[in-house]
Amino acid sequence: MVFSEVIAALNLWDRIRKWWQVRKNPLAESIAARFVRLFESHGVHRNQIPRFIGHGLTLTDVQDDASLLAKLDETILDDVCGRFAVRREWLDGAETQVHPCYDFYKHPEDFADLIKRLKANNPDGGLLGVLIAPDEPEGHAEALLVLQETIGFVGDKAIYRYHLCNNWGFEYWKSRAYLAACVAIAWKHDVFVHGIYSPSKEIQRLVAGDVLLGWQGEGVWSLGVKKWDPEDMALRPDVFLRGVDPEQEAFGYKAGLRLWLDLEQRGLMDTGDKINARRLFEQELAKYSP
């Protein structure tokens, strides 16, 4: 075995050892190692950290964890948490929840406030949504709405941060209606929401914010390949009801359609399209009326 192969084997073993240690005890990872992993998961290489984050960091400072640790003051740590929308408690190694989570169930107006705030605070950054729905809704299958915000570039590659909006029981009529309202609000504010289907177990891994999002800077698309159009939940009753638990005597369908109509009356189902969706939903509700 040549010298280069020995070095490659040793480096591979070192990565496996570190990964296994973090998996066994995620809070045992050093703050410097977690700091670097945060950047690399978002597509920023260790050597690119100084020019991406600034704060007077140099290549010498990031060459190893010991050198980096000496430079990590409160200002840098707080700025990095804000830059990537992660919790300081996670970066400190005190808690396992990485991302804060937003709950807009029954409060779609608050989701509109979040959209406006993100746009105001980062007017030059792109913002889009991804609704990850269970590919086989059954039982308490959850959906997850993720906002992906562009926060800068490394060369030509966009770097993103993520905002998790959870607590969406995808098969529950009431949850479906409020989720549709949030999607409509996003579209009305020019934040286009793309849909992907993913296995429920994969979504369940993400909904509590315990997984560091990033996907090496490639975006959220790697979570699913089967795509759909979430805005149709605010436009087409057949899509709105797809996967909803009908419950006894179609109560789930009827209650869901009535709530959709109520939210539309409040102006919360307006996607900006010129479609008379209300008439379609009224006609669908009439099918279930005696």
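Any read-out appearing in this document is the output of simple, stated calculations on the displayed coordinates, not a laboratory observation. Values in this document were obtained by computation on a predicted structure and should not be read as measured data. Using ideal geometry, Cβ is built from the backbone for each residue, glycine included, and neighbour counts are taken over all protein chains shown.
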* Structure fact -> Checking Glu171, Glu247, Glu142 against a Gaussian network model of the chain (alpha-carbon springs below 10 Å), the top fluctuating residue turns out to be Glu247
* Structure fact -> As straight-line cross-link partners of Lys274, the qualifying aspartates and glutamates (C-alpha separation under 20 Å, not fewer than 8 residues apart within one chain) are Asp190, Asp229, Glu231, Asp232, Asp238, Asp262, Glu264, Glu282, Glu284
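Tell me, what is the FRET efficiency for Ala255 and Leu280 to the nearest 0.05, using R0 = 22 angstrom and their Cβ-Cβ distance as r? Kindly include the intermediate steps, with their values, before the conclusion.
Values: r = 18 Å, r/R0 = 0.80.
About 0.80, to the nearest 0.05.
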* What's the angle, to the nearest 10 degrees (0 to 90), between helix 3-24's Cα axis and the longest principal axis of the chain? -> 50 degrees
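For region 225-269, which trypsin sites (Lys or Arg not before Pro) are in a loop by DSSP, counting at most 12 other Cβ atoms within 10 Å? Numbers along the way, then the final one.
On the way: sites: Lys226, Lys227, Arg242, Lys254, Arg258, Arg266; in loops: Arg242, Arg266.
When the trypsin sites (Lys or Arg not before Pro) of region 225-269 are filtered for loop state and at most 12 Cβ neighbours within 10 Å, Arg266 remain.
Give the relative contact order (percent, whole number) for the chain; include only Cα pairs under 8 Å separated by 6+ residues. It would help to have the intermediate numbers written out before the result.
Values: 471 pairs, mean separation 50.3, N = 290.
Contact order relative to length: 17 percent.
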* To do: At 0.36 nm per residue, minus the direct Cα-Cα distance, what do Arg242 and Tyr288 gain on full extension? Give it in nm, one decimal, please.
  => 15.0 nm
* Förster radius 51 Å - calculated FRET efficiency between Thr58 and Asp113 (Cβ-Cβ, nearest 0.05) -> 0.80
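Chymotrypsin sites (Phe, Trp or Tyr not before Pro), restricted to region 133-211: which are DSSP loop and have at most 16 other Cβ atoms within 10 Å? Kindly include the intermediate steps, with their values, before the conclusion.
Working: sites: Phe153, Tyr160, Tyr162, Trp168, Phe170, Tyr172, Trp173, Tyr178, Trp187, Phe192, Tyr197; in loops: Phe170, Tyr172, Phe192.
Those satisfying the criteria are Phe192.
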* Most fluctuating residue of Ile275, Ile49, Ile203 in a GNM of the chain with Cα springs under 10 Å: which is it? -> Ile275
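Share of antiparallel DSSP beta bridges in the chain, in percent to the nearest 5? Present the calculation step by step, with values, prior to reporting the outcome.
Values: 20 of 29 bridges.
So the antiparallel bridges amount to about 70 percent of the total.
Of the listed pairs Lys201/Lys254; Lys119/Lys157; Lys119/Lys174; Lys106/Lys157; Lys106/Lys188; Lys119/Lys226, which have alpha-carbon separations greater than 26 Å here? Walk me through the numbers before you get to the answer.
Working: Lys201/Lys254 29 Å; Lys119/Lys157 21 Å; Lys119/Lys174 28 Å; Lys106/Lys157 37 Å; Lys106/Lys188 19 Å; Lys119/Lys226 29 Å.
Check vs 26 Å cut-off fails for Lys201/Lys254; Lys119/Lys174; Lys106/Lys157; Lys119/Lys226.
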* **Label selected from (1) 18.4; (2) 14.2; (3) 17.1, the criterion being mean projected area of the Cα convex hull in nm² as computed here** => (1)
